[in-house]
Amino acid sequence: MESRAACTMLYHLLLQTVKTQQSAGVSPGQPHLLLYDLYDGDDVEKAVNDLSQAASGGSLYVIADEVGSKRRIRIFQTLCELLLTRVPRLHLWAASCFHGDEPACWQEEYLTRPLRSPPAVVREVEQDARIATHRDVLQYRERGVPDHTDGPPVTRLSHRGQHHSGYTPGGCVTCGRVVASFLHSLRVGVTGRSTTTSTTLTSTSGGTTPPCLQWRDVLVLYRDDDSDQSGMVTGLQEAGIPVRVMEDDDIEDVATARSDVVWVARGHRVGGLERKVVVCLHYGFFRSKMSQRFNFISAYSSDRLYLMSRCTSQLVIVSPDDKPLEGD
């Protein structure tokens with residue numbers, strides 16, 4: 001499920017390419033989006049059978065994005081090895097932010113130039129423990145191209161003080177109102193062009209002034225173990241912001257940015273997607289529903305890696321403290 005959004009986006013991009021080629025008189029092949037649940041390995045044999053039958057003794061081209069959580073990489077390795085035994089003319093490309101788990105003898109390339117996000121966001125992301133401490137993810141290297149600007153400064157909002165409620169920002173109506181106020185200050189959803197907004201949200205490219213931000217340019221992301229987003233949604237709605245919480249049936253809509261709304265989503269569910277404005281609901285402590293005791297969120301929750309790295313311009317962090325976060 002973690003790779004579904006990214007693969008859906010790739011599928012629609014390929015469909016657009018096919019249509020462009022067809023209009024030019026070229027007859028390309030047709031892409032197919034195949035979804036399997038490889039979490040526990042039950043679908044591996046089905047996937048191998050489906051793909052080998054599709055090859056029909058010929059070539060098979062497979063693109064798999066966001067394959068890498070550490071829990072799933074071994075299952076994916078098994079899938080690759082079985083496919084090789086059944087499809088001799090296999091062409092498979094797989095992408096993961098993790099390294100060191102590639103199937104033996106497979107060619108590998110490390111893409112570590114930070115071209116997605118401006119320097120201000122990169123500095124925040126590279127503090128993640130999986131990059132800086134545990135080395136599960138390779139460190140960034142030099143961008144290799146000039147930075148026209150550092151990007152907008154990271155904005156930090158505090159889930160603390162008068163009128164704030166709940167243990168996490170997602171359950172806090174006041175946090176929703178504060179986030180809404182900030183989005184309105186960026187003139188998100190305002191018809192026309194805004195020199196102020198455009199200057200603020202220009203990341204690494206120069207050129208003409210871009211149009212104002214749309215609601216679809218904004219993602220509000222939270223951690224998988226926090227299911228209560230009612231307060232955040234209520235606060236945004238009260239401010240007149242069109243907002244929806246992403247469910248399973250919404251993944252295609254989110255991946256293609258079809259609806260002009262602010263999506264509230266679990267960070268692990270949108271890996272591979274990008275938005276200009278990302279609001280990260282971060283918290284250092286929470287009250288466990290099971291034990292009702294305060295527990296420290298472990299380093300492997302990786303808010304920076306899974307949530308903040310989705311941002312291509314303006315990053316907003318909402319946390320119990322407005323001070324700079326320590327490394328996750």
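Protection proxy ranking of 250-263, 134-147, 115-128, by the mean of other Cβ atoms within 10 Å over each peptide's residues and highest first, is 115-128, 250-263, 134-147.
Over segment 88-200, the pair-distance histogram of Cα-Cα distances with 10 Å bins from zero comes to 10, 25, 27, 24, 11, 3, 0 percent, rounded to whole numbers. Surface exposure of segment 4-76, expressed per residue as accessible area with a 1.4 Å probe, stands at 61 Å².
Treating the beta-carbon of each Lys and Arg as +1 and of each Asp and Glu as -1, no other charges, what is the dipole magnitude of segment 17-85 about its Cα centre, to the nearest 20 debye?
Values: 6 positive and 9 negative charges, 48 e Å.
Approximately 220 debye in magnitude.
Extension gain, Cys105 to Asp37: 0.36 nm times the residue separation minus the Cα-Cα distance gives 21.9 nm.
Of all accessible surface on segment 59-116 at a 1.4 Å probe, what whole percent is carbon and sulfur? Let's see the in-between values first.
On the way: 2010 of 3750 Å².
Answer for segment 59-116: carbon and sulfur cover 54 percent of the accessible area.
Mind ranking 4-13, 81-90 by how tightly packed they are, going by the mean number of other C-beta atoms within 10 angstrom, highest first?
Values: 4-13: 19.4, 81-90: 14.6.
My ranking of the peptides, most packed first, is 4-13, 81-90.
The values are calculated or read from the model by the stated rules, or taken from the named source; none is laboratory data. Source: prediction; values computed, not measured. Glycine also receives a Cβ, built like all others from the backbone with ideal geometry; neighbour counts cover every protein chain displayed. These area figures cover heavy atoms from the full protein model, side chains too; ligands, DNA and RNA do not enter into them. Shrake-Rupley method; radii C 1.70, N 1.55, O 1.52, S 1.80 Å.
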